[in-house]
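Below is one structure, written out as structure tokens; comments come after it.
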Amino acid sequence: MISVDENLIRSSAVFCKMISVPVQVLADGSEDLNNNVDVFGFENVPLPYYLRQTQSTSIFTQQMSKKNQRQENQSNQPKKSYNKPYVAGGVFVVILLVIYFVGSNLQTEKLTSVAQSVGQPHTKSAVAFTKQGELRFFDKNDNLLFAVDIEIADDDTRRTQGLMYRDSMAENHAMLFVLPDEREQSFWMKNTIMPLDIIYVNAKKQIVSTQKNAVPYSEDSIPSNGPARYVIEVNAGFCDRHLVKPGDHVEWRRE
């Protein structure tokens, strides 16, 4: 075994203490990595550098472990959900809008298909109103009830066409049908888009009957319930609004 000078060892230990060398040399030449007390009696020798570094690393590792644990706990917590009533309300509004637009498109397609079936393009009103005269309603005491502008259907073509494919008409507009003779008459609502009041008038220009709120597109017969020579078509509800009834009479003039 190699002999070691004691003074040399002490000097080396002091030097190691000053520079914090991470190794302590024992008297037998081995290294002490686990003891913080100098084997030669020097107490409070600082921990070797690599041990202090390991201790700091351990603290850092513990801190990171705690941080990761907090993040994991937060990720496991249920996420905040949106306010369900507001979400449901928004979905309901969207559904209503879809139904509205789909319904509008279907109605437009229906009107277009009906108009195309007879070669008529559908617009806001496929056939424009053309004023050809004026007609007035009077009660039994000759009091004026209301006056309207009229179109006159006095041939087969115009009588057949009537108010078909029109989806609106002004309150002061009407169509007067002049029929070949006075007899029991009957009309229908085939290809007629808007609801109507149908007024039957005899040869003396007295109102025989009023058929109110005729149903659009209906092919059911609407009878006059008495001999009639003239028929007047107006907007549905016209007779109630202007108090027109059987027994009243009319007068008109052609322009």
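Details
- Coil-residue trypsin sites (Lys or Arg not before Pro) of the stretch 201-244, DSSP, other Cβ within 10 Å capped at 12: 204
- Taking other C-beta atoms within 10 angstrom as a stand-in for reagent exposure, 91, 234, 244 fall in the order 91, 244, 234, fewest first.
- Alpha-carbon radius of gyration plus Dmax, which is the widest Cα pair, for the stretch 144-255 in Å: 12.7, 34
Since every read-out is calculated from the coordinates, none of them should be taken as a lab result. Note that this is a predicted model, so its numbers are computed, not measured. Heads up, the Cβs are rebuilt from the backbone with ideal geometry, glycines too, and the neighbour counts pull from every protein chain shown.
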